[in-house]
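Q: To start, I am sharing the structure in question, which I have written as structure tokens.
Read-outs throughout are calculated quantities, based only on the coordinates presented, and are distinct from any laboratory measurement. These numbers come from a predicted model, not from an experiment. Reconstructed Cβ throughout: ideal geometry from the backbone, glycine too, with neighbour counts over all protein chains shown.
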Amino acid sequence: AQSVTQLDSQVPVFEEAPVELRCNYSSSVSVYLFWYVQYPNQGLQLLLKYLSGSTLVESINGFEAEFNKSQTSFHLRKPSVHISDTAEYFCAVGGGFKTIFGAGTRLFVKA
Amino acid sequence: KAGVTQTPRYLIKTRGQQVTLSCSPISGHRSVSWYQQTPGQGLQFLFEYFSETQRNKGNFPGRFSGRQFSNSRSEMNVSTLELGDSALYLCASSLGSSGRNNEQFFGPGTRLTVL
């Protein structure tokens with residue numbers, strides 16, 4: 001069985017500051033790891049995904065996530081956030097004909 | 001290419017009634033998954049259908065059911081509605097099973113309110 005734990009329900013941060021959104025997972029099958037983002041009043045969309053190979057995955061808008069097998073983590077980071085990054089971020093793990101999502105982390109970027 | 005569409009967008013029902021929600025996936029996508037989204041709970045997996053077969057089911061009571069048609073369109077049904085069923089129901093489609101390395105594309109959801 002799979003499970004996902006997002007350790008922070010809300011993360012407030014000032015603009016241009018770095019941010020880390022934490023995600024831990026457990027799975028008894030091969031894992032595929034994802035981060036999805038839901039901007040205010042919009043649907044969920046894929047931010048990035050880990051399949052295999054390099055443990056560091058990058059997205060086109062400056063976010064990156066690092067797969068750590070020994071710690072079963074897939075934390076999301078950005079070195080400098082913008083107001084437009086304000087959204088809810090969901091970590092997800094796929095395996096066994098289903099994808100399990102975490103409870104989400106609300107990122108608030110303040111000016 | 002058209003995105004995932006869900007109908008209706010909003011529903012208000014009373015306890016004890018039943019409801020059917022519809023999802024049309026992106027053309028060519030054979031997998032449809034359903035999720036229940038509530039504040040603080042994130043997305044709870046309901047079930048996944050692939051080529052008209054239910055591949056997996058989440059931890060929901062039997063009042064929640066679904067099906068997929070030959071054109072990949074999917075419906076989910078909730079019978080004997082309870083107040084706790086009030087939520088945003090999301091449908092997502094993907095080329096292959098969501099349980100592998102396939103990106104899921106989400107619809108806007110159906111907001112169900114049970115009074």
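Q: May I ask you to verify whether B:Thr53 is among the polar types (S, T, N, Q) and either closer than 23 Å to A:Val37 by Cα or away from chain A (no Cβ under 14 Å) (or both)?
A: It is false that B:Thr53 is among the polar types (S, T, N, Q) and either closer than 23 Å to A:Val37 by Cα or away from chain A (no Cβ under 14 Å) (or both).
Q: If you go through region A:75-82 one residue at a time, do you hit one that is within 14 Å of chain B (Cβ to nearest Cβ) and part of a strand (DSSP E or B)?
A: No; the residues of region A:75-82 include none that is within 14 Å of chain B (Cβ to nearest Cβ) and part of a strand (DSSP E or B).
Q: On to the next question. Strands (runs of 3 or more DSSP E) wholly in region B:20-79 with at least 2 residues that are within 16 Å of B:Arg111 (Cα to Cα) and touching a strand residue (DSSP E or B) at 6+ places or on another chain (Cβ under 9 Å) - which ones?
A: Result: B:31-38, B:42-50, B:74-78.
Q: What strands (runs of 3 or more DSSP E) lie completely within region A:17-66 and have 3 or more residues being under 10 Å from the mean Cα position of the chain (by Cα)?
A: A:32-38, A:44-50
Q: Something else: Among (1) more than 10 Å from chain A (Cβ to nearest Cβ); (2) crowded, with 17+ Cβ neighbours inside 10 Å; (3) farther than 16 Å from B:Leu21 by Cα, there is one condition B:Ser72 misses while meeting the rest; what is its number?
A: (3)
Q: Residues of region B:93-115 being hydroxyl-bearing (Ser, Thr, Tyr) and more than 8 Å from chain A (Cβ to nearest Cβ), which ones?
A: B:Ser93, B:Ser94, B:Thr110, B:Thr113 - these are the residues of region B:93-115 that are hydroxyl-bearing (Ser, Thr, Tyr) and more than 8 Å from chain A (Cβ to nearest Cβ).
Q: Here is a further query. Does A:Val11 fit the bill of being touching a Ser or Thr at 6+ places or on another chain (Cβ under 7 Å), part of a strand (DSSP E or B) and among the aliphatic types (A, V, I, L, M)?
A: Criteria met by A:Val11.
Q: I'd like to verify a number: residues in region B:2-16 that are out of contact with any Cys (no Cβ under 9 Å at 6 or more places or on another chain) and either at positive phi or surrounded by 13 or more Cβ atoms within 10 Å (Cβ to Cβ) (or both), how many?
A: Matching residues across region B:2-16 total 4.
Q: What single numbered condition from (1) in contact (Cβ under 8 Å) with a residue 24 or more places away in the chain; (2) small (Gly, Ala, Ser); (3) within 29 Å of A:Cys91 (Cβ to Cβ); (4) assigned to a loop (DSSP other than H, G, I, E, B) fails to hold for B:Gly16?
A: Of the numbered conditions (1) in contact (Cβ under 8 Å) with a residue 24 or more places away in the chain; (2) small (Gly, Ala, Ser); (3) within 29 Å of A:Cys91 (Cβ to Cβ); (4) assigned to a loop (DSSP other than H, G, I, E, B), the odd one out for B:Gly16 is (3).
Q: May I pose another question? Of the residues in region B:80-92, how many are outside any loop (DSSP other than H, G, I, E, B) and either more than 10 Å from the chain's Cα centre (by Cα) or more than 12 Å from chain A (Cβ to nearest Cβ) (or both)?
A: Total meeting the criteria: 5.
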